[in-house]
Structure formats: structure tokens, C-alpha cells
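Here's the structure, in C-alpha cells; my notes come after.
The values are calculated or read from the model by the stated rules, or taken from the named source; none is laboratory data. What you are looking at is a predicted structure, and each value in this text was computed from that prediction instead of being measured. Don't worry about glycine lacking a Cβ; one is built from the backbone with ideal geometry, like all the others, and counts go over all protein chains shown.
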């Protein structure tokens, strides 16, 4: 996290039309994460417990900010699906989709351009496209969890590498974010730290949607990568069914 702090003030901008060009053609437009312009107050969501000494260090606080952003973004996406379903524009039982993208953000002061590679954009129900585009844009920087590491894409210069996949298939909806760390040891540490920081949100569910996300989100380290994964059973997309469980 500390290696990415200098990049937190960098704002990447693009229109939805440019983003659609990205996902359809594999181009590399300039995009931005809404977290760069959000005003976060973590204590609106959690009270740091004794295990954080009630005075979390900058790294722990930074992780909490990233997790809060992730929770809000997934919650907003699920709520958009519920609204579309209520309007008859989303079939909870039958619709499927998949969006996947790799991102490289150069660790250069005042940088304004990143490298974005569309892996997949599979969608049959066009009514879902605006919600998917909006959600995808929020996932492009891996919530500043990646380390700055040398990249051949930028002549050996350092870059933060992340990727995401949002997929609705027969059995479940999954959101997966992968970030690259400087070593397997750093990946293991981040996974453990995320798990610890995430525990502070366990009692902060203010809506049934948030509770569902909290119950189905996990973290995993694999080699030099860390994955943030939320897997919701398709039945959980129906708030009435989910709340009855």
C-alpha cells in the first residue's frame, strides 16, 4: 500500500463511450477510479477495535479505505441489478455476463495515462451495459492495493498491476480483483492484513445487500498476487429470497 500512496492523488478520466471502445477493441484509454475523488470517513462504517489499539497506523487505515470503497462499489452494483430487475430489465434467473480487464498504472508523479487491456466483455442483455460499464470503471486500479514493480511495458519503469473479473453464470455472481505485490511474502502479508482489516466491517452491515457482501467476500494470496473475491449465489440476487435465509 505504501508504495502506491504517491499515486493516490492521480486522477484518470474517461467517458463511458471511450471505455466501451476499450472493452470492445482492447484499446488503452485513460480511466479513473471514483475513490480518488471520494471523501472517506472510515469511522462512519467501523470503530477500530482493541486489536488496532484504537489508533490504526497509516497502512491499516489505508487498507480500511480500500475495503470501504470496494464494499460500496459492489453494493451499488447489486442495487443497480435489483432496480433493473424491478423494472423488468434484468432476469435474475437467466441473464449471464462476463467483463474482465488487466490494468497497468505507471508509478510516475503526475502520470495521467495507464495501459488497459480488455480480456472479455460478454453480454446479451444490453440493458445491463451501463451498470457494467460504471462498475468496471470503479475496479480499474485494484483499489490501490498493488505494489509498484518493474514493468517491461514501460521500459523497466515501475507500474502497479491489477486485473478484475465480474461474472454472472448459472450458479453465482462473482467479483474478483487480483493485484500484484513485490514478492510472495508481501502477498501473504497483504492477504492477512486485509482479512484482519475486513473483520472490523463485520458488524457494520447497514443494509441487507451489505450483509450479503460481507458474508461472501474472502482474500487469498497466490505466489506474488493477492485476490479479493466475492461470490454470491444467484439466489442471493433476489433480496426477498436472500433476506429470508
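Among the candidates 121, 135, single out the residue that is in a helix (DSSP H, G or I), buried (at least 17 other Cβ atoms within 10 Å of the Cβ) and in contact (Cβ under 8 Å) with a residue 60 or more places away in the chain.
Values: 121 fails: in a helix (DSSP H, G or I).
Every option except 135 fails the conditions.
Test residue 175 against the criterion of being buried (at least 23 other Cβ atoms within 10 Å of the Cβ), within 18 Å of residue 100 (Cβ to Cβ) and modelled with pLDDT of 95 or more, and give yes or no. Break it down stepwise before answering.
Working: buried (at least 23 other Cβ atoms within 10 Å of the Cβ): yes; within 18 Å of residue 100 (Cβ to Cβ): yes; modelled with pLDDT of 95 or more: yes.
It is true that residue 175 is buried (at least 23 other Cβ atoms within 10 Å of the Cβ), within 18 Å of residue 100 (Cβ to Cβ) and modelled with pLDDT of 95 or more.
Of all residues in the stretch 142-154, which are touching a residue at least 40 places away in the same chain (Cβ under 8 Å), crowded, with 24+ Cβ neighbours inside 10 Å and touching a strand residue (DSSP E or B) at 6+ places or on another chain (Cβ under 6 Å)?
Across the stretch 142-154, the qualifying residues are 145, 146.
Quick check, is residue 213 touching a strand residue (DSSP E or B) at 6+ places or on another chain (Cβ under 7 Å), crowded, with 19+ Cβ neighbours inside 10 Å and either closer than 26 Å to residue 85 by Cβ or without any contact (Cβ under 8 Å) to a residue 40 or more places away in the chain (or both)? Walk me through it before giving the result.
On the way: touching a strand residue (DSSP E or B) at 6+ places or on another chain (Cβ under 7 Å): yes; crowded, with 19+ Cβ neighbours inside 10 Å: yes; either closer than 26 Å to residue 85 by Cβ or without any contact (Cβ under 8 Å) to a residue 40 or more places away in the chain (or both): yes.
Against the criterion (touching a strand residue (DSSP E or B) at 6+ places or on another chain (Cβ under 7 Å), crowded, with 19+ Cβ neighbours inside 10 Å and either closer than 26 Å to residue 85 by Cβ or without any contact (Cβ under 8 Å) to a residue 40 or more places away in the chain (or both)), residue 213 qualifies.
Only one of (1) more than 17 Å from residue 167 (Cα to Cα); (2) part of a helix (DSSP H, G or I) fails for residue 76. Which number is that?
(1)
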